[in-house]
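Encoded as structure tokens, the structure appears first; notes follow it.
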Amino acid sequence: MGTQAPVITVDGPSGSGKGTVSRLVAWRLGWHFLDSGALYRLVGLAALQHGISLEDEQPLGQLAGQLDVRFESDGGVDEGRIMLEGVEVSAEIRSEQVAAAASRVAALPAVRDALLGRQRGFCRAPGLVADGRDMGTVVFPGAQLKIFLTASQQERALRRYKQLKEKGIDVNLVTLLDEIERRDARDGARQAAPLRMADDAILLDSTVIPVEQVVDRILELWQRSGLAGHHSS
Ligand code: DC
């Protein structure tokens, strides 16, 4: 694994901006992109659709292993279309209901194991930017560059607040902050692949650096690593 094409991993909590950042880095480098959170969301959605209990680990593991998904990208910076069993579910997987289901299935080792090979399969020339929680620790431990992107809980709550407001959803900032605190505690405490920074990851904080500068910083780190020329196709 990991010898044929270089990998940059971007891990961190939700709301840190890692989705936007890693998508932009992939686009600027002309590399492939893995949104691993989308895979967990797809398993969650498929479980809801097939009426599989979110506690039933073995059938959920099987479902994750056989999941018929396709990420259709036109090579642009946008997300593209996400297909589950031939049906577009790009918007549906972003709902709160699916997020909650994703978070439950993501805690199950059988599901995580089943998705491992599929995630590694995204690593193809000329390179991969992988966005998630355990990209640098579990899925691509040999990645050439590992970033851990964070932001303060207040900042992340504020971003989520603005996002929901834009969608016309009325929410309370204090409630959002409370949810984020609880989710961080749960993500960090769960047994299977808890959110933690890899020992060899570089910590960046998007509370103090705007997203565009985080992107530039990662590209600069990649150029400086001395591997950029070596791996360019
Ligand atoms: O990043 P996101 O909100 O789309 O992730 C959806 C869920 O999947 C969330 O509960 C965290 C989990 N997840 C995970 O456990 N490991 C990953 N590599 C990516 C996401």
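Rule-based calculations on the coordinates, nothing more; no lab input. Only a predicted model underlies this, so the values are computations on that prediction, with no experimental measurement involved. Heads up, the Cβs are rebuilt from the backbone with ideal geometry, glycines too, and the neighbour counts pull from every protein chain shown.
Structural remarks
- Square roots of 5 times each gyration tensor eigenvalue, C-alpha, the range 4-159, largest first, Å: 24, 18, 16
- Once the Cβ-Cβ distance of N172 and V208 is raised to the sixth power relative to R0 = 30 Å, the FRET efficiency obtained is 0.70.
- DSSP beta bridge pairing in the chain, given as percent antiparallel to the nearest 5: 25
- Estimated inter-spin distance, D56 and K162, nm [label 7 Å along Cα→Cβ]: 4.3
- About its Cα centre, the dipole of the chain is roughly 300 debye, where the only charges are +1 on Lys and Arg Cβ and -1 on Asp and Glu Cβ.
- Average silhouette area of the range 130-187, convex hull of alpha-carbon atoms, in square nanometres: 4.9
- For the options D187, D113, D199, a Gaussian network treatment of the chain with springs between C-alpha atoms closer than 10 Å singles out D199 as fluctuating the most.
- Largest GNM mean-square fluctuation across G127, G15, G86, computed for the chain with C-alpha springs under 10 Å, falls on G86.
- Candidate lysines - alpha carbon under 20 Å from K18, same-chain residues fewer than 8 apart omitted: K146, K162
- Considering helices alone, the calculated mean residue ellipticity of the chain at 222 nm is -14500 deg cm²/dmol, with DSSP H runs of length four and up weighted by -39500 (n - 2.57) and normalised per residue.
- Full extension of the chain segment joining E88 with R196 gains 35.6 nm, where the gain is 0.36 nm per residue of separation less the Cα-Cα distance.
- For the range 1-93, radius of gyration divided by Kirkwood radius, i.e. Rg to Rh on alpha-carbons: 1.00
- Model label points for Q154 and R186, set 7 angstrom from Cα along the Cα-to-Cβ axis, are 2.5 nm apart.
- Residue with peak Gaussian network fluctuation, the chain [Cα springs, cutoff 10 Å], from V87, V111, V139: V87
- Ordering of 74-84, 156-166 by packing [mean C-beta count within 10 Å, highest first]: 156-166, 74-84
- Selection from G65, L149, L203, by position along the positive dipole direction of the chain (Cβ): L203
- Net charge contributed by nearby residues that have their C-beta within less than 14 Å of E155 (K/R +1, D/E -1): +2
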